[in-house]
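**Student:** One structure follows; several queries about it will come next.
The values are calculated or read from the model by the stated rules, or taken from the named source; none is laboratory data. The model shown is predicted, which means the values in this text are computed figures rather than measured ones. Glycine also receives a Cβ, built like all others from the backbone with ideal geometry; neighbour counts cover every protein chain displayed.
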Amino acid sequence: MSGAGSSAGKAGSTGGTGSTNDAAGGGGPAPAGPIPGGGPAPAAPDARRGPVVAALMLGMALAALDGTIVSTAVPQIVGDLGGFAVFSWLFSGYLLAVTVTLPVYGKLSDTFGRKPVLIAGIALFLLGSLLCACAWNMASLIAFRIVQGLGGGAIQGTVQTIAADLYPLKERPKIQAKLSTVWAVSAVAGPAVGGLLAAYADWRWIFLINLPVGAIALWLIVRHLREPARPGAKDRPAPRIDWAGALAVFACGGLLLFALVQGGVAWPWLSAPSLALFGGSALLAALTVVIERRAAEPVIPGWVWRRRTIAAVNLALGALGLLMVAPTVFLPTYAQAVLGLGPIAAGFVMSVMTLSWPLSAALSQHAYTRIGFRLTAIIGISCSTLILLAFPLLPFPGAAWQPALIMLLLGAALGLFQLPLIVGVQSTVGYAERGTTTASVLFCRQVGQSVGAALFGAIANATLASRLAAAPDGIRHGLPGDLDSVSHALADPGSLTTEAADYLRRAVDTAVDHVYVGAAVAGFLALLALVFVAPRRFPVITEETPSD
């Protein structure tokens, strides 16, 4: 990557850069104007960026494997440490820490460079992993998972940003396809690895296994990543960190996510705790806006929402996060409760989506280089919405290949939707703004996922409550009252009569159908954002030719 360091030194100048149309061959140029962020940093030759790409894939594997590998070991963890009532915070705490730190790390990577942020993130993640392996009770394990999440936020945002720095626009699908493959392999391999370690070794090894992987990634980053020198950096005043804004973002995001995670579970949605938490998060959001407007270098700059391209992508990928709750959270329950599949087979029904997604993403460049980022994404989300609406049309109880086929098609459509937007929005900003832009996109997607989990959980439980209340008198007695209890009841055939079990399966089928309709509505909202907010052509910045 040393070539990147020498040739990218001109990233802040206007020479050799400019504004053009949103993809090669995509039509006339977008309106010309000043280059945001001082222009992009040129990429390095393949031979020099190879070790860095390997490090990025290893770093992304740490974050991608985390959720899937831990989930399969939960029974062993609870059996050893106890704390069944709060074990869900193993995932919620990690997600909260990742989400609220993304904007902060994005700004830090633009201010101080990608390399120190990524090194710090991997080191923090490994420290959290080591502490998790040493946990003595559930409370300590949850606390150490939050430490992991603080590192995971740096990894997720910075890896995506460095990937865009390394490759020019025409080559960016290459690295994005590799990163997508990491997520796909992790979705399939994670549960198997976690189950094997928990069954034949000890659950603590699911955290210790991160250490050698992360150590190799750290070594490669330290040795091979060379960042571009910034013109005039010596003459500029020392950057000021917006500590007040960072704290406000932490507090606002943390309170909002806590309300979404606990609402409808620990207390009713319209109860005093929920209303207090949502009201507090609204006040903190207003305070964050005031702080960020006054800050010299805000964590979340106003231009993130003032520029139509970035705002549209943020909204669209926020809707994607909401949409993804249906296949990732509710499909496994459907496969086990309605179709009667085992956990492994149910996981396969969901994981076929991860096979078509990276393939479609890798091929999407052939579309967006001809018709543009926006139109390619519109086609992808339109197809996704129709595919989601097809799910409620499946017969009851149906065969496993039917939802598997829908997931395969959904993955292909979403690959056509997400990657053009990420590549497109990263290509509209210069090196000095790419970290903030990438982090804002990932932040919106994570928030959308949290909102979707709460919203669709409420829809599913409301549907189940309605169906169970309407059950015939002969089978109403003893029926469970929520989705988790239904799944446990159906897993124990002796606890229900044949008529009651069939009624429960139909109730779950209806609940999941309603969730998929809700996911289709989220897809339609993403479509509206692209049609009415996104500019017709993304104002892509022309990049300099890489040099040795």
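**Student:** List the residue pairs whose Cβ atoms are under 8 Å apart, where the first residue sits in region 184-206 and is among the aromatic types (Phe, Trp, Tyr), the second is buried (at least 21 other Cβ atoms within 10 Å of the Cβ) and in a helix (DSSP H, G or I), and the two are 6 or more positions apart or on different chains.
**Tutor:** Close Cβ pairs (under 8 Å, with a partner that is buried (at least 21 other Cβ atoms within 10 Å of the Cβ) and in a helix (DSSP H, G or I)) amount to Trp203/Ile77; Trp203/Leu197; Trp205/Leu197.
**Student:** Among (1) under 19 Å from Ile241 (Cβ atoms); (2) surrounded by 24 or more Cβ atoms within 10 Å (Cβ to Cβ), which single condition is Gly59 missing?
**Tutor:** (1)
**Student:** Okay, moving on. Tell me whether region 380-392 contains one or more residues that are within 29 Å of Gly195 (Cα to Cα) and over 18 Å from the mean Cα position of the chain (by Cα).
**Tutor:** Within region 380-392 (the criterion being within 29 Å of Gly195 (Cα to Cα) and over 18 Å from the mean Cα position of the chain (by Cα)), the answer is no, since none of the residues qualifies.
**Student:** For residues that are touching a Pro at 6+ places or on another chain (Cβ under 6 Å), crowded, with 24+ Cβ neighbours inside 10 Å and of a type in the set (Gly, Ala, Ser), tally how many sit in region 426-447.
**Tutor:** Residues that pass the stated criteria total 1.
**Student:** Further question: List every residue pair whose Cβ atoms sit under 6 Å apart, with the two residues 6 or more apart in sequence or on different chains, where the first one lies in region 405-423 and is more than 14 Å from Leu386 (Cβ to Cβ) and the second, anywhere, is buried (at least 24 other Cβ atoms within 10 Å of the Cβ) and of a type in the set (D, E, K, R).
**Tutor:** Taking only residues 6 or more apart or on different chains, not a single pair turns up.
**Student:** Tell me the residue from Ala346, Ala319, Ala337, Ala272 that is of a type outside the set (D, E, K, R), modelled with pLDDT of 85 or more, assigned by TED's automatic domain parsing to the domain that holds Gln426 and more than 30 Å from Ile241 (Cβ to Cβ), please.
**Tutor:** Ala319
**Student:** Give me the helices (runs of 4 or more DSSP H) completely within region 67-134, filtered to those with at least 2 residues that are of a type in the set (D, E, K, R) and touching a Gly at 6+ places or on another chain (Cβ under 9 Å), ordered by residue number.
**Tutor:** Qualifying helices (runs of 4 or more DSSP H): 89-112.
**Student:** Right, another one. Take Val147 and tell me if it is closer than 21 Å to Val70 by Cβ and either among the small types (Gly, Ala, Ser) or surrounded by fewer than 24 Cβ atoms within 10 Å (Cβ to Cβ) (or both).
**Tutor:** Yes.
**Student:** Just the residues that are within 10 Å of Leu416 (Cα to Cα) and buried (at least 24 other Cβ atoms within 10 Å of the Cβ), please, taken from region 357-395.
**Tutor:** Trp357, Ala361, Ser364, Tyr368, Phe373, Thr376, Ala377, Gly380, Ile381, Ser384
**Student:** Just to be sure, is Ala192 in a helix (DSSP H, G or I) and buried (at least 21 other Cβ atoms within 10 Å of the Cβ)?
**Tutor:** no
**Student:** Looking only at residues that are charged (D, E, K, R) and not in a helix (DSSP H, G or I) in region 260-318, which one is surrounded by the fewest Cβ atoms within 10 Å (Cβ to Cβ)?
**Tutor:** Across region 260-318, the extreme among qualifying residues is Glu297.
**Student:** Let me confirm something: among Leu96, Leu196, Leu102, which residue is among the hydrophobic types (A, V, I, L, M, F, W, C) and over 16 Å from the mean Cα position of the chain (by Cα)?
**Tutor:** The conditions single out Leu196.
**Student:** Yes or no: region 84-94 includes at least one residue that is modelled with pLDDT of 85 or more and either surrounded by 18 or more Cβ atoms within 10 Å (Cβ to Cβ) or not aromatic (Phe, Trp, Tyr) (or both).
**Tutor:** yes
**Student:** Mind telling me which of the residues Ile241, Ile175 ends up being in contact with a Phe, Trp or Tyr (Cβ under 6 Å, 6 or more places away or on another chain), farther than 16 Å from Asp66 by Cα, outside the structural domain of Gly342 (by TED's automatic domain parsing) and at pLDDT below 90?
**Tutor:** On inspection, the qualifying residue turns out to be Ile175.
**Student:** A follow-up question, please. What is the residue count in region 199-219 for residues that are under 18 Å from Ile162 (Cα atoms) and under 25 Å from the mean Cα position of the chain (by Cα)?
**Tutor:** Count: 4.
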